[in-house]
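Where a number appears in this text, it was derived from the coordinates with a stated rule and is not lab data. All figures in this text were calculated on a predicted structure; none of them were measured in a lab. FYI the Cβ positions are ideal-geometry reconstructions off the backbone, even for glycines, and counts take in every protein chain you see.
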Amino acid sequence: MVNGMQTELATSEREDGAAEPIQPPVQRGFVAEWAVTILVLLFASTSLAWSYVIPTGSMEDTLLIGDHIIVDKLAYAPAGAVSKYLLPYEEPKHGDIIAFRFPDDISQMFVKRVIGIPGDRLRLVRSQVYRNGAALNEPYVIHKSPFPDPYRDNFPSVSLSQNFNSSARQLALLREVLERHVVNGEVLVPPNRYFAMGDNRDNSLDSRYWGFVPRENIMGRPVFIYWSYNAPTDELMPSSARDFGHHLLDVGLHFFSRTRWDRTLHTVRGVPDGQ
C-alpha cells in the first residue's frame, strides 16, 4: 500500500496510460523566500553594519538619548591586498565620530568623537582643548554645567588623589596615561591609540577618565539615524524581560507622539575641528 502511494505521488497517468513524472514547482515557497531574505539581512547586519541606540547624553546635541543609529563597520576595517583598492578604508581622523568597545568592559559600546590621534599632544585649560599647542575650534561642543570642575576642565593637571567615581579597571587605565604618557603637562597619544571625548563636555565618561581607545577597539563610524524615540535611558536599556515588555507597550502607545520625526534618516557626520 505504501509503495502504491509513493508511486502515485511520484507519477501521473497520461491518457495513453504511460507514466509521466510530476514536475516540481518552479517558484520557491513564501517561507523559503523570507528565510533567504532574513539570512541575507543577518549577514549584512553582522558583517557590514549594525544598529545601536544612544543610551546617554554624552554626545548631546549631536546625538540624543534614544537616537537609533546605523554604524558602518567597514569604514575603519583593515584593508586587504585587494580590498584596499575597492573599498574606502581609512584611519580615524580628527573630528570623526566613532563607535568602539569600551576599554574597561568590551561588552559595552561607546560613541564619542576623536580629539587626538597617535602623536598628538593634548591638554585642557578651563574646558578649552589645546592640541599640539593650538586651541581647537569645536563648534559641536556644548557645556551644560555652570559649575567648574578642576579635573574635568583642566586635564591632565591634577593627580589621581581625587575621589573618582570610577571602577578599579578605569583607574588602572587612567593611571597608565597619567604616569606614562604625560610630558610637560600634556598627554602624548601613543601609537595605535586614540583620545576620544563626548560633545557634552561636562557630562561625558570619556578618555579623561579611562584613557585611550585602542585602535583594535574601534568598530566603525555612525552614518545615519534611522529612528529617534524620546525616552529615558532606563526605558531604552531594559534590564529584564518585564522592563522590555513595558518598553514595547510604551512604544506601541506613544510611537507617533514620542518619535522625533525631524531626526529620522538624519545623517551623522564628523566635523573637522579647526585650530
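A few points about this structure:
- For segment 186-270: relative contact order, % (alpha-carbon pairs under 8 angstrom, 6 or more apart): 30 percent
- Of the peptides 223-230, 69-76, the order by per-residue mean of other Cβ atoms within 10 Å, starting with the highest, comes out as 69-76, 223-230.
- Which of 127, 58 has the fewest Cβ neighbours within 10 Å, and the rest in rising order: 127, 58
- Paired Rg and Dmax values of segment 134-275, which use every Cα atom, in angstrom: 19.0, 57
- Kirkwood Rh (inverse of mean 1/r, distinct Cα pairs), segment 180-250, angstrom: 15.8 Å
- Net +/- balance of residues flanking residue 128 in space, Cβ distance below 13 Å, scoring K and R +1, D and E -1: +2
- Cα shape, segment 168-218, gyration tensor, a/c 1.5 rule: rounded
- Subtracting the Cα-Cα distance of residue 91 and residue 157 from their residue separation scaled by 0.36 nm leaves 20.8 nm.
- Entry note, segment 102-187: relative contact order of 29 percent, from Cα contacts under 8 Å with a spacing of 6+ residues.
- Options 246, 224, 257, ranked by Cα towards positive dipole end of segment 196-259, top entry (Cβ charges): 224
- Spin-label model distance (nm) - residue 261 vs residue 168, 7 Å beyond Cα toward Cβ: 5.3 nm
- Estimated from the Cβ-Cβ distance and a Förster radius of 35 angstrom, the FRET efficiency linking residue 130 and residue 246 is about 0.15.
- Residues of segment 247-269 with amide N under 19 Å of the 7 Å Cα→Cβ point at residue 203: 260
- When only alpha carbons are used to place a centre, segment 222-275 and segment 135-154 end up 26 Å from one another.
- Local electrostatic count at residue 115 - Lys and Arg +1, Asp and Glu -1, tallied over other residues with Cβ under 9 Å: -1
- Sum of side-chain charges, residue 184 neighbourhood, beta-carbon under 10 Å (Lys, Arg +1; Asp, Glu -1): +1
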